[in-house]
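Quick notes on the structure that follows.
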Amino acid sequence: MLKKFPFGDSLLKDLEIMNPEKVCSYQFTTVLNLAKRFPQLGLADSKYLDLLREEFMDFTLSPMDHPSLSTYKSATGEKPRAGVFWHEVSKIRALDGVRRFPSLTNLMAGLLSIPSSNADSERGFSILRKIHTDQRASLKQSTIISLMTMKFNCDECCYETKFTEELLNLNVKKLPLYLLIMKFYFQFQ
């Protein structure tokens, strides 16, 4: 796994800009790279890049307007919490009452929403291990997919699931089982 991890990717270094203690030490090129790297945030367009440049320059040149970093440190002296800091920055208003850094804080909010753990994928592997045991080692892949789909998408326990007579009488060879089950499960919810 370590061999495949992209340690040399500039994204990892650029994401440090979210750290409230370091944000003013970065150049706009870092913000530009992040905005272009994540076009889903809607800030990669040239119109928004100009706004982002203005806001970042304003932000770095006016540190006295930033929320106090000491407010966001815990009693144990840990690093400031980036999410809380950027939320407070998003509340800063100009004299006319308009948000002062809307594009910059939208970019930071989008970057903060990137998952920083693999808990979700580990949960999937855990479910797979519970389904594909030594006693059930000969299950077909389509059956495993069907069982995992039911586990992920249904709130009730599998043994409490009620199947309609229509579902039970269908010719299973026409569609994969998981599609049939999901189709009828959500139809009668």
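The values are calculated or read from the model by the stated rules, or taken from the named source; none is laboratory data. Just so it is clear, the model here is predicted, and its values are computed rather than measured. In this analysis, Cβ positions are derived from the backbone assuming ideal geometry, glycine residues included, and neighbour counts consider all displayed protein chains.
Residue by residue through the range 134-151, note down the ones that are under 22 Å from residue 161 (Cα atoms) and more than 26 Å from the chain's Cα centre (by Cα).
136, 139, 140, 141, 142, 143, 144
Being under 29 Å from residue 59 (Cβ atoms), among the aliphatic types (A, V, I, L, M) and assigned to a loop (DSSP other than H, G, I, E, B) narrows it down to one residue among 111, 104, 95; which is it?
Within the list 111, 104, 95, the selection yields 95.
Which condition does residue 111 not pass, out of (1) in contact with a Leu (Cβ under 9 Å, 6 or more places away or on another chain); (2) at pLDDT below 90, if it passes all the others?
With (1) in contact with a Leu (Cβ under 9 Å, 6 or more places away or on another chain); (2) at pLDDT below 90 applied to residue 111, the lone miss is (2).
Which members of the range 1-60 meet the condition of being surrounded by 14 or more Cβ atoms within 10 Å (Cβ to Cβ), part of a loop (DSSP other than H, G, I, E, B) and of a type in the set (S, T, N, Q)?
19
Look through the range 85-138, keep the residues that are touching an Asp or Glu at 6+ places or on another chain (Cβ under 8 Å) and either under 22 Å from residue 152 (Cα atoms) or of a type outside the set (A, V, I, L, M) (or both), and return whichever of them is surrounded by the most Cβ atoms within 10 Å (Cβ to Cβ).
By that ranking, first place goes to 101.
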